[in-house]
1. Could you grab me the full set of residues in segment 169-188 that are charged (D, E, K, R), outside any helix (DSSP H, G or I) and farther than 24 Å from Leu94 by Cβ?
2. Can you pull out every residue in segment 264-289 that is touching a residue at least 12 places away in the same chain (Cβ under 8 Å), surrounded by fewer than 14 Cβ atoms within 10 Å (Cβ to Cβ) and part of a loop (DSSP other than H, G, I, E, B)?
3. Please specify each residue of segment 188-205 satisfying the condition of being out of contact with any strand residue (DSSP E or B) (no Cβ under 7 Å at 6 or more places or on another chain) and aliphatic (A, V, I, L, M).
4. Would you mind stating whether Gly146 is farther than 23 Å from Lys214 by Cβ and either touching a residue at least 12 places away in the same chain (Cβ under 8 Å) or of a type in the set (S, T, N, Q) (or both)?
5. Being over 25 Å from Asp135 (Cβ atoms), small (Gly, Ala, Ser), outside any strand (DSSP E or B) and in the same structural domain as Phe109 (by TED's automatic domain parsing), is that true of even one residue in segment 210-225?
6. So, in segment 155-181, of the ones that are more than 18 Å from Val100 (Cα to Cα) and of a type in the set (D, E, K, R), which residue ends up nearest to the chain's Cα centre (by Cα)?
7. Pick out the one residue from Gly70, Gly86 that is at pLDDT below 95, among the small types (Gly, Ala, Ser) and either crowded, with 18+ Cβ neighbours inside 10 Å or not assigned by TED's automatic domain parsing to the domain that holds Gly218 (or both).
8. Residues in segment 189-197: is at least one among the aliphatic types (A, V, I, L, M), outside any helix (DSSP H, G or I), touching a helix residue (DSSP H, G or I) at 6+ places or on another chain (Cβ under 9 Å) and more than 25 Å from Leu137 (Cα to Cα)?
Amino acid sequence: MKILICDKTEKEAIEQMRAAGLQVDVRDDITPEELPAVLPAYEGMVVRSRTKVRQPLIDACPKLKVIVRGGVGLDTIDADYARSKGITVMNTPLASSASVAELAVAYMFALARSIYQASASMKSEKWEKKLFEGDELGGKMLGLIGIGNIGREVARRANALGMTVMAYDPYVKSAEGVKMASLDDVLEQSDYISLHLPKTKESAGMLGADAFGKMKTGVRIINCARGGIVDEQALYVALTAGKVAGAALDVFAEEPPMDWNLMKLPNVIASPHIGAATKEAQGRVGAEVSQKLIEFARNMEPA
């Protein structure tokens, strides 16, 4: 079985696939323009968030049997269309959960204690101690929108910090250490709101002007999920008006952003979609990608 690696994948995982008899070619710098000419020769492909697999590309690849996304979401793949063509689509939903959860919690600490701003002040050779009185996370209400694998990992860590956790998720009835609530309750009662859900037609723009209007004044927003769930213009208005005290963003509607004004606000901290970018997560993602492809190839073999 011929596999094309389209995005960065751990070398150990690639060697495991080759040892299992798969023919693996690595083109982790391949461009969208090159893919339609190269991919038709392959039966399987491995992608991360960089490579998009849309209907025209799928139609150009009649041999394609399996797409594995190293990561949580499938928003970069026209998954339903691929499946309608008999192509198996898989991802690695558990591999990076802890890393993304730790980033979300780190962002909560950074917002609560103005760590970025205080550090920037010190690098400018200023001693502005009185400017940086912060808040403790203990005793605060954390509202989670989405309580899947990552949301549960965040809740577990927040509980350990003494936070009260409530969550809205229409697909989940209960979660340990979490009070399930309506979306309005989460918006109205939370001191911190952290997003942990996929971007879909229903969730796109979910946090817009109406949602910000329902929130407490001084709420803090963390988005380590997907860009486009937060209406960035509405967030900008809420931040500059003082409704939202601070925001921490790892994902954006456009990556990289075309408009940097939001990131330049003093009460915004941001990172370039690094939620899963830890050595541990990358190792687990690679191992899970390898395992899934090896099992898929074995199941294809004649009995």
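The values are calculated or read from the model by the stated rules, or taken from the named source; none is laboratory data. Please read these numbers as outputs of a predicted model, since none were measured by experiment. Neighbour counts are summed over all protein chains in view; Cβ atoms, including those assigned to glycine, are modelled from backbone coordinates with ideal geometry.
1. Lys179
2. Pro266, Pro272, Ile274
3. Listed by number, the list holds a single entry, Ala204.
4. no
5. no
6. Ranking the candidates gives Asp169 first.
7. Checking each option against the conditions leaves just Gly70.
8. So far as segment 189-197 goes, no, none of its residues is among the aliphatic types (A, V, I, L, M), outside any helix (DSSP H, G or I), touching a helix residue (DSSP H, G or I) at 6+ places or on another chain (Cβ under 9 Å) and more than 25 Å from Leu137 (Cα to Cα).
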